[in-house]
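This report refers to the structure that appears directly beneath it.
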Amino acid sequence: MIKTKFSYESRRSRLFLAYMAIAVSVTLTSLSGPAYAAAEFTVYKSPWCGCCSKWVDHLQANGHMVTTKDIENLDTIKKMAGVPERLQSCHTAIVDGYVVEGHVPAKDITRLLAERPKAKGLAVPGMPAGSPGMEGSAPDKYDVMLFKTDGSADVFSRH
Ligand SMILES: [Cu+2]
């Protein structure tokens, strides 16, 4: 009898906790508004690239939709996307008319899509440690570059 009562109580408190968790996440989602708007990405990456897949996980964890295209030679994609050679990295993504090259944090992409500057896209050249998908070793300092059609680029954010 006591046992039954106990399990009933704990079930009720578990339900209450679950209800609270939903309420909190709904509140957070509505408060954050466009900052959490999901975008649709197409990511071109090499089939053997582990850090590229981890970056895709990072996008998905931030609520974005991602289609991946495994391609062995990405040079053509990068050329077509207009990524200057000095800004190139492993994967190349297309989102909402912009190009995203390399391990760019989702937060910067959200800002790009909100501000919509006249530019080709964002790039994190190389593969700096500590950028999304490149966690593990001691983090590097790195810049996210906003690049234009003419190949020029400015610092968009520093990490
Ligand atoms: Cu990489």
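Each reported figure results from applying straightforward, stated rules to the coordinates on display, with no laboratory input. Bear in mind that the values here come from a model prediction, so they are computed numbers and not experimental data. Cβ: placed from backbone, ideal geometry, glycine included. Neighbour counts: every protein chain shown.
Some notes on this structure:
- Descending Cα extents along the principal axes, segment 37-158, whole Å: 32, 29, 28
- Antiparallel DSSP beta bridges within segment 99-159, percent to nearest 5: 75 percent
- Relative to the current alpha-carbon distance between D57 and D150, full extension at 0.36 nm per residue lengthens the span by 30.3 nm.
- All alpha carbon pair distances within segment 69-119 were sorted into 10 Å bins beginning at 0; the resulting P(r) in whole percents reads 22, 55, 22, 1.
- Selection from C90, G63, S152, by position along the positive dipole direction of segment 37-158 (Cβ): S152
- Peptides 114-127, 144-157, 60-73, ordered by how many other C-beta atoms sit within 10 Å of their residues on average, highest first, read 114-127, 144-157, 60-73.
- Antiparallel DSSP beta bridges within segment 37-158, as percent of all bridges there, nearest 5: 65 percent
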